[in-house]
């Protein structure tokens, strides 16, 4: 990044930043960037039209930030993304994406057609936030720091996509393959990726997927952290705490379950985790609880380990009910505590290859704008669904600086923010090809 800031003019910056790609390729934690990716990015950054688009994106930085603020200030709580979706749809249409539409799930979808015969790449950001209805989403500005719930996650991603489209339009760049731009619903919390799941149920002919989520361009997500989430409900006969003493308690059974679950030792690698995140139930302080419920989250970077953890913990939850009934000597079903399981979240896990062509393109594109790849990680994003279906997928940062995601004090700073949409543009051009300049590096899949 220092290289880009110290060079004079875009041309010098690109020459300077391409030199950084050698260092990035020699990272001890990553294999060398494939030569095809290096060659494609070099061709693209030497092309007058691409240079025009990159320069435009930098000059477009203030407008992109303004749109980020405008989108952030449209409330988009879980399962209530419609108002923001309608606004985003109009922004797509204003950029000339004439087929822009809402699908049945509420996703905003538009296609920028290529010259034909190339692959189809999806570039998406999510419309929803984790914050409940009624949350104050007005952006507060202090010392060039912009604070509001959702301004980075994923207000930045939504705005970055708009800047990329404007850059393509400004330079009149025609791709070989098609690019589907999308704003998805249901990425956060109990939305359970419902938007992207619905999209892939209806769209089988997709060759690659990029999610713009998060901020740091130095962090690439190429693997999917899977999760399974349950509501575990204990029910029993209940009764007065004194007069009915001796009846098994749903609350006590829940307590036994938490104690058992807390002793589980999942593997450190692949990273596998669990937590009991919520508790509720009971009637009053002087009642034997007839109902008690916990919310369980389990995650892993490996599907097999996640399944193993799930079997183990659900059996412990059953054992807890048995222990509570045994404690009070109850054998009649009418007098026993029972346990029920309701699956409320299912995000598939999957592992991306460290030497995949798509990852190589993203690394080279980041280096070309003067950035540095700091980590190639696993996370839970819209890319999970594509990865689980065997579709090459990455999640890339939107650019800038920020922190406090998922909290009321989430903040964003537009520090070199244009580097986000600049490297997105280079990556998608390399993947779908630029007519007359480069051939697509993203392979068409057998659908």
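Brief remarks follow.
For (1) buried (at least 20 other Cβ atoms within 10 Å of the Cβ); (2) under 30 Å from residue 168 (Cα atoms); (3) modelled with pLDDT of 95 or more, each residue gets a yes or a no:
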position	(1), (2), (3)
347	yes, no, yes
393	yes, yes, yes
399	yes, yes, yes
412	yes, yes, yes
432	yes, yes, yes
435	no, yes, yes
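- For residue 100, the criteria (1) without any contact (Cβ under 8 Å) to a residue 12 or more places away in the chain; (2) touching a strand residue (DSSP E or B) at 6+ places or on another chain (Cβ under 7 Å); (3) farther than 28 Å from residue 51 by Cα hold in every case but one, which is (3).
- Those residues of the range 200-221 which are under 15 Å from the mean Cα position of the chain (by Cα), crowded, with 21+ Cβ neighbours inside 10 Å and not in a strand (DSSP E or B), in sequence order: 213, 214, 215, 217
- Here the condition is being outside any helix (DSSP H, G or I) and touching a strand residue (DSSP E or B) at 6+ places or on another chain (Cβ under 6 Å); of 161, 179, it holds for 179 alone.
- Single residue of the range 241-251 satisfying the filter (outside any helix (DSSP H, G or I) and in contact with a strand residue (DSSP E or B) (Cβ under 7 Å, 6 or more places away or on another chain)) that is surrounded by the most Cβ atoms within 10 Å (Cβ to Cβ): 249
- Test: residue in the range 39-54 that is closer than 30 Å to residue 364 by Cβ and within 24 Å of the chain's Cα centre (by Cα): no
- Annotation for the range 254-270: no member residue is surrounded by 21 or more Cβ atoms within 10 Å (Cβ to Cβ), under 30 Å from residue 352 (Cβ atoms) and in contact with a strand residue (DSSP E or B) (Cβ under 9 Å, 6 or more places away or on another chain).
- Listed by position, the strands (runs of 3 or more DSSP E) enclosed by the range 35-145 that each have at least 1 residues that are in the same structural domain as residue 385 (by TED's automatic domain parsing) and surrounded by 15 or more Cβ atoms within 10 Å (Cβ to Cβ) are 108-112, 120-126.
- Number of residues in the range 279-323 that are in a helix (DSSP H, G or I), in contact with a helix residue (DSSP H, G or I) (Cβ under 6 Å, 6 or more places away or on another chain) and touching a residue at least 60 places away in the same chain (Cβ under 8 Å): the value is 4.
- Residue count for the range 146-158, restricted to those that are buried (at least 22 other Cβ atoms within 10 Å of the Cβ) and either outside any helix (DSSP H, G or I) or over 21 Å from the mean Cα position of the chain (by Cα) (or both): 8.
- Being surrounded by fewer than 18 Cβ atoms within 10 Å (Cβ to Cβ), at pLDDT below 95 and under 30 Å from residue 254 (Cβ atoms) holds for only one residue in 335, 340, and it is 335.
- Across the range 170-185, a minimum of one residue is classified as farther than 19 Å from residue 97 by Cα and either buried (at least 21 other Cβ atoms within 10 Å of the Cβ) or assigned by TED's automatic domain parsing to the domain that holds residue 76 (or both).
- The residue that is farthest from the chain's Cα centre (by Cα), among those in the range 252-278 that are part of a loop (DSSP other than H, G, I, E, B) and touching a residue at least 24 places away in the same chain (Cβ under 8 Å), is 264.
The values are calculated or read from the model by the stated rules, or taken from the named source; none is laboratory data. Note that the coordinates shown come from a computational prediction; the quantities given were computed from them, not determined experimentally. When we count neighbours, we look across all protein chains shown, and the Cβ atoms used for this are built from the backbone with ideal geometry, even at glycine.
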